[in-house]
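For reference, the structure is listed below as structure tokens.
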Amino acid sequence: MYAPHVFTLNIAQMLGGAAIDTAIGVLAVTVHHAAGLKNPDQFAGTPDPYCTLSINNREELARTATKKENANPRWNETKYLIITSLNDPLCLTIFDYNEFRNDKQLGIATFPLKDLETGENEQENVQLPVMVNGKERGQVIIEAS
């Protein structure tokens, strides 16, 4: 491939998970943006959000950049994940970055990977609610293929 076309693989992370021979494919997830993110702590101010990706809320497989003081961040980042099953959901967890304390979870959005089995292998502009304790705290827009 020629610049600027780059395909980055984190080999250590890929080999740390399930065996490669059990993989059924590579999932390309583009995290476009989030809208209306609300900080659960009303005194915390505007969040500094970033998004982590995992399968069935297990270990973190990928992470977006942190956007400073933005309740409507635009990431437009594509992450590639090796998947072993379409039975588990893709979990996008939104965090509020904090330099001095632990990062605070703003909510979780889930995307059922079974939706990719329905013959439409590419899902564009999927709007997922970011949920906390059964309440919607914003939304995240992704593309999955």
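The 3J(HN,Hα) values that the Karplus relation (6.51, -1.76, 1.60; θ = phi - 60°) gives for the range 70-85 are, in residue order, 8, 7, 10, x, 10, 9, 6, 10, 9, 10, 10, 10, 7, 10, 10, 7 Hz. Gly and Pro appear as x.
At a Förster radius of 25 Å, what calculated FRET efficiency corresponds to the Cβ-Cβ distance of Asp103 and Glu143, to the nearest 0.05?
Working: r = 25 Å, r/R0 = 1.01.
Using R0 = 25 Å, I get an efficiency of 0.50.
Just so you know, the Cα atoms of the range 89-137 work out to an Rg and Dmax of 13.9, 47 Å. The alpha-carbon of Lys38 sits under 19 angstrom from the alpha-carbons of these lysines, leaving out residues fewer than 8 places away in its chain: Lys67, Lys68, Lys104, Lys135. Would you mind classifying the range 59-145 by shape? Square roots of the alpha carbon gyration tensor eigenvalues, ordered a ≥ b ≥ c; an a/c under 1.5 is rounded, otherwise it is prolate if a/b is larger than b/c and oblate if not. Prolate.
Listed by chain and number, the aspartates and glutamates whose alpha-carbon sits under 19 Å from that of Lys79, ignoring those within fewer than 8 places in the same chain, are Glu59, Glu60, Asp88, Asp115, Glu122, Glu124, Glu143.
Placing a label point 7 Å from the Cα of Ile24 along the Cα-to-Cβ line, the residues of the range 68-97 whose backbone N sits under 20 Å from it are 80-92.
In terms of packing, defined here as the mean over residues of other Cβ atoms within 10 angstrom, the peptides 130-141, 46-57, 83-94 line up highest first as 46-57, 83-94, 130-141.
All of the numbers you see were taken from the coordinates with simple rules; none came from a lab. Just so we're clear, the structure is a prediction, and the values are computed from it rather than from any experiment. Virtual Cβ from ideal backbone geometry, glycine too; neighbours counted across all protein chains shown.
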